[in-house]
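This report refers to the structure that appears directly beneath it.
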């Protein structure tokens, strides 16, 4: 659940101080009590007041007239630098009970990224002083002053890193505007009202898009880069702070948001723990109640999946005619309730509901071939409401469409586990009203007991049980239809291809396999959360292991490509089809080598917006029979097997994040490799940027002295072993013939900008036992 | 010393086989013996012959008519895949004594980067087979087939990684053309003779540059990118193979090289262990002897510092009229002898000679303040022929220019060590014929014994010794000239600023300090060798520690910038000047805080050619007195303090390499930070690419379903808490107003393409004790 916090202004605090209530020991305690009665879950308090600002400026900024600096003043500053301390009246909060469960906002005027090096130093000293004081008061979350200056963000971030090192426990939240509204002031010179009056909202109904553009000045004209500026600052901060789990961000939604939110998706992959939302961002609806512009509405609904704290400010300043102060927080809670992500989580039978508690939690993929599963594991998977229905339907259709015959149709369920597919196959046989018989194969001795019990109590002589590994076992007769459920999150990652190489021996020449084929799919993923989870493992090799994961705080970085060079958002790696043709078999009917099950994919993704690649999301899609399938492909699962809960996606992490510029291309290589004992995946990626370049001759650059000194004295006298005939020693740049119009021609080239390591080489960190 | 190897062709082997010599047990042993008498240090032998190629092609390539694949043929291929073995006649080398000390060249026709996935798989199997066989013969260096296909280089590299994992000890060398000559065939359609005849070389003398361009077809027209293609392939291979120390490269110099070599410098930072040089690359000089074109000559001379093995091929094919087969190897040895780098190393008294054995060797910087140095350390530094001469000269000039006075001039040598500066100061006093007296301060109790001895035996009552730390000690009188030698490789890294904060207390108000100032300088550096050295340390923190290093196999990545946005190749970080003004002092005359000694530099480098950033090279330059100085700045040291040997550069390594595209900008932040106990450096870098972009409106991108579904059913009925008035739900892209001529306008923007981590935050890995 999201939390709603009320922001206390310095004015609120001053007036509570002026108008003391004897029922409360301090004005802050009274304000805390008030905010609860107003429906806020918590409050956000500024730690310091104007008095501190005045003293700090006097100590740390050069006087405006730039006169000789007063030595006694400088002595005071140095005394503060050597031992910083507050005066009581500079601070709003002094008691533990005032700070309990509140969010504290540090002095937002501190310029940790000032262009002036010495101002930066003193701002860092002040920040450390404020944090140390907040820590003394046991504050759990402190909101830091926002970064303002891209050039000096590395210095801002270095200071935060230093404070994180020195202050334990406390969470630091960097306040970042969702984009830089200053950019838009340049685009549109029309002055924008500081806090829009309700009448502007009301009068703008009729004119369509321009209605909202009176609030969202200029954003249809903005570029990727302009939307990217503040995220890029945050990215530098997070990177320099080594993605410290105590570092989060307060997203400032003061600027209105665009309706199409692709450019904003990056914030879902960040630790967006707080949302700062001033009353001035709200507009009035038909009844003059405060509501949010559409773009902001959508964004808030979406980000509710991260369960943020929404900090409302200025709600008591009467900016909207109706609804009063409570209307704002009620509206936020309404948005949460109507958030599709929250609704899906609350609805029984959805994968979102099933996966509560597993969000962004890393699990090692099952190895049902090497390990014998527990009965509880089978039970969980048997709960899937969709998967077995689809298997039954596929079997039913296959039986219906089977060529008319007087013989009974022979089926084989290979890898039957506790028998759910056997039960479904029997139902399908009954529905299709066919004569049929099922051979059942299972290698797990424990599950085989359950199968024997079910045969005795449920199935009778319509089935025959066979105990053994489908890769080596013999059956008394060849079958028409082979049914298996060997698929993992990435399709082939539980060795379905290798097992079926054995099981197809049971099939008649024109027999069919259910599934008939399956494909593996990937997409480039960003997620600070997952990056931290993977890194949390002490063993470095764990960063080269695929995991099964229910994604939540993630962002798929790719867009729909399709310009010829790049493919769609989520791309297919490879396919396995069964029965497979053309494999050379040995005398036992098994493949001589497993090399035909090796696979390779080389995929090009379009990356529309800058982001940090943390890994690859993997999905599968299977054709069971004709148009009956199973899919966890995010764009197709709802059409193929909606609400199937058996598979979370797979995640191939990267050891080190890879920065991807906006409009770049990501070339991903994925290999499925195999030797006699094991199967494993390796993965690698390179980033390229299409760059429009003037077509230029190769510029003669400044060679180092040792190389440009080509006509050394020795070379003057001809000698058999020395002098070459290609004499003219130094060619002037101007003498080199040049192509005509070199500066006017341009062409676009792909320039490489980065790469990952090769992950899991030789299966050194992760493999699947054959 | 470089090694020269003769390449044996298949023809050489065949004719030795046809014409057996009873003095040798095998034809190969005869060829080995021959090559020694021809002046080669070793030979390079192709491992396999045409018979193997024919068999492999038959097994692994689809027949050209694409008919049904013969199952029995496929059975043979699968048998080979499952258990690869050679036939005797497919192999040129079979005995240990044939392979001893030779370089073996694997089948160069193996396409590990074929566009066909299955050909790649079979090529990998064959490569592994050849390597395993070479390993059986105890071959120490195997030259791998060259990569040919940029798209599938990741697959090539992954295969090499797999082989490195499986084959122990052996060194693998990837054969890489210095650039891709195919690129130039596109540029200039003039056919180039396969092996130029001597007459072409001879006739091209007169026409100047075009003479060499008949050989070096088109290279003046080539771009950075074209010169970059093969290095980029090598870079992918090295990266994917995790810079394995057993992986090196054989640079193929078949294509002629440009005269200006900046674009080639990147090869000096790579493990370029072999040079492949065919006789056809040689041209004829005036006397028809084989010599190399100027560009290639220069490059070979320069790369001699890496002591490569030069593999000469085709030297017995009579391509040049004079000199015979020996002329080629003699010429190479001549180039080595005349290599400036080799000459400097051989010349006594140069830093290159002094540093033999220390090339690319990482040393922890001294901490002479915290540690008391050994007498041997003092002795080494006192050997510097230049440093003390410059100190004497600076002192002499200062004394000469001192205002006329009847009093004796008072000097203080603070941190005197064993007294070299005292001796020089006494010489300067004597040369200047001045009345003067020297106070000598030293805190090392052991060195203080030496000082006492020298006073007694050499200096007498012209000096007075004081034992103690210059930061706290008191002197009986104030002095006119303060002389110190506290400089480290990075200037301030041995805490000269902090020590002088104390020592300036000894100075009269208008006294002077020798040195009067010093500056720190950095340049971005690439070096696979240093990267591997740093990584070799087990403690990960060692990758965040600065080292003192004599650079050899390195390349400075920056070029001379100066376009307004970027600075010169090597850039100044900061300066310290003494005595310092305006610091607030306490009652003991010492600064209240050390914050005035913190420093920050934010530098922009132009990176002309693509490369991998492994760290920052650091240098210092000091002004002792007016124009007398000390410098290890690579471009200025020879003008200021040539042949001073006291300082190797400093090296700030990066934990992870950063890929830099050609024509990029590198923004480097370096901090000198301090608290009450320590001083330390932190460093960080970001890479940007100037990209010319069409000025475009913000493209409305394909929003995910959950976000584009803005008009959900709930929103249709007005309600106080729901409906905003900015209704028009979806704006068509075409309705958004657009700037005129959006596609014709372009502008250049800096696009971020990558960043490093913040190194050594809070001095966690490395600091200097105050």
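Arranged by the count of other C-beta atoms within 10 angstrom, fewest first, what order do B:454, B:88 take?
Ranking B:454, B:88 by Cβ neighbours within 10 Å, fewest first, gives B:88, B:454.
To the nearest whole number, what is the average tally of beta carbon atoms from other chains within 10 Å of the beta carbons of peptide B:120-130?
Mean inter-chain Cβ contacts per residue within 10 Å come to 1.
Starting from the Cα of residue A:3, step 7 Å toward the Cβ, then list every residue of the range A:136-180 with an amide N under 19 Å from that point.
Only A:136-145, A:168-176 fall inside the zone, counting backbone N under 19 Å.
Pop out the Kirkwood hydrodynamic radius of the range B:78-157 from its pairwise C-alpha distances, inverse of mean 1/r, in Å to one decimal.
When all Cα pairs of the range B:78-157 are included, the Kirkwood radius is 13.5 Å.
At 7 Å along the Cα-to-beta-carbon direction for both residue A:101 and residue A:453, put a label point, then send me their distance in nm to one decimal.
Placing both labels 7 Å beyond Cα along the Cβ direction yields 4.9 nm.
Gap in Å between the Cα centre of the range A:27-65 and the Cα centre of the range B:575-597?
Cα centroid of the range B:575-597 versus Cα centroid of the range A:27-65: 35 Å apart.
Given the Cα-Cα distance of residue A:51 and residue A:602 and 0.36 nm per residue of separation, how much length would full extension add, in nm?
Gain on stretching residue A:51 to residue A:602: 192.2 nm.
Can you order the peptides B:341-352, B:549-560 by their average number of other Cβ atoms within 10 Å per residue, highest first?
The most tightly packed comes first, giving B:549-560, B:341-352.
Can you give me the relative contact order of chain B as a percent, contacts being Cα pairs under 8 Å and 6 or more apart?
Relative contact order, chain B: 9 percent.
At a threshold of 8 angstrom on Cα-Cα distance, excluding pairs fewer than six apart, so keeping six or more, what relative contact order does the range A:419-486 reach in percent?
Worked out over the range A:419-486, it gives 34 percent.
How large are Rg and Dmax for the range B:10-144 when only the alpha carbon atoms are used, in Å?
Here Rg and the maximum Cα pair distance are 16.9, 55 Å.
Considering only C-alpha atoms, what is the centroid distance from the range A:295-374 to the range A:384-403, in Å?
36 Å
Using the scaling law 2.2 N^0.38 Å as the reference, what is the normalised Cα Rg of the range A:228-315?
For the range A:228-315, the normalised Cα radius of gyration comes out at 1.16.
Between residue B:477 and residue B:372, how high is the FRET efficiency from 1/(1 + (r/R0)^6) when r is the Cβ-Cβ distance and R₀ = 25 Å? Nearest 0.05.
Calculated value: 0.35.
Report the label-to-label distance for residue B:770 and residue A:642 in nanometres (one decimal), using points 7 Å from each Cα along the Cα→Cβ vector.
6.8 nm
Note down the relative contact order for the range A:369-454 as a percent, whole number, built from C-alpha pairs under 8 angstrom at least six residues apart.
With pairs under 8 Å counted, the relative contact order is 35 percent.
If you count the DSSP beta bridges with both ends in the protein assembly as shown, what percent of them are antiparallel, to the nearest 5?
Taking every DSSP beta bridge with both residues in the protein assembly as shown, the antiparallel ones total about 55 percent.
Per DSSP helix of 4 or more residues, -39500 (n - 2.57); summed, then divided by the residues of chain A. What does that give at 222 nm, rounded to the nearest 500?
-8000 deg cm²/dmol
Per-residue counts of other Cβ atoms within 10 Å, averaged by peptide: what ranking do you get for A:122-130, A:292-300, A:22-30, highest first?
Per-residue mean Cβ counts within 10 Å order the peptides as A:292-300, A:122-130, A:22-30.
Of all alpha-carbon pairs in the range B:439-523, indicate the percentage at a distance above 20 angstrom.
Distances greater than 20 Å cover 41 percent of the Cα pairs.
How high is the FRET efficiency between residue B:508 and residue B:343 when r is their beta carbon distance and R₀ equals 45 Å, given to the nearest 0.05?
That pair, residue B:508 with residue B:343, gives E of 0.40.
Out of all Cα-Cα pairs in chain B, roughly what percent, to the nearest whole number, are more than 53 Å apart?
Within chain B, distances greater than 53 Å cover 30 percent of Cα pairs.
Across all directions of projection, what mean area in square nanometres is found for the Cα convex hull of the range A:349-437?
That works out to 7.5 nm².
For the range B:425-465, what percent of Cα pairs sit more than 14 Å apart?
The proportion of pairs with Cα distances above 14 Å equals 49 percent.
Treat the range B:390-434 as a sphere of radius equal to its Kirkwood radius over Cα pairs and apply Stokes-Einstein at 10 °C in a medium of 1.306 mPa s; give the translational diffusion coefficient in µm²/s, rounded to a whole number.
146 µm²/s
Residue B:402 to residue B:461: extension gain in nm, 0.36 nm per residue of separation minus the Cα-Cα distance?
Additional length available on full extension: 19.0 nm.
Going out from 0 in 5 Å bins, what whole percent of all Cα-Cα distances in the range B:375-485 drops into each bin?
Bin by bin from 0 Å, the calculated values are 2, 12, 24, 25, 21, 12, 4, 1, 0.
What distance in nm separates the simple spin-label points at residue A:364 and residue A:565, each placed 7 Å from Cα in the Cβ direction?
Once both label points are built, they end up 4.2 nm from each other.
Could you tell me the convex hull volume per residue, in Å³, taken over the Cα atoms of the protein assembly as shown?
232 Å³
Only the coordinates and a few stated rules stand behind these numbers; no lab work does. This one's a predicted model, so the numbers in the text were calculated from it and none came from an experiment. Glycine gets a Cβ as well: all are built from the backbone with ideal geometry, and neighbour counts include every protein chain shown.
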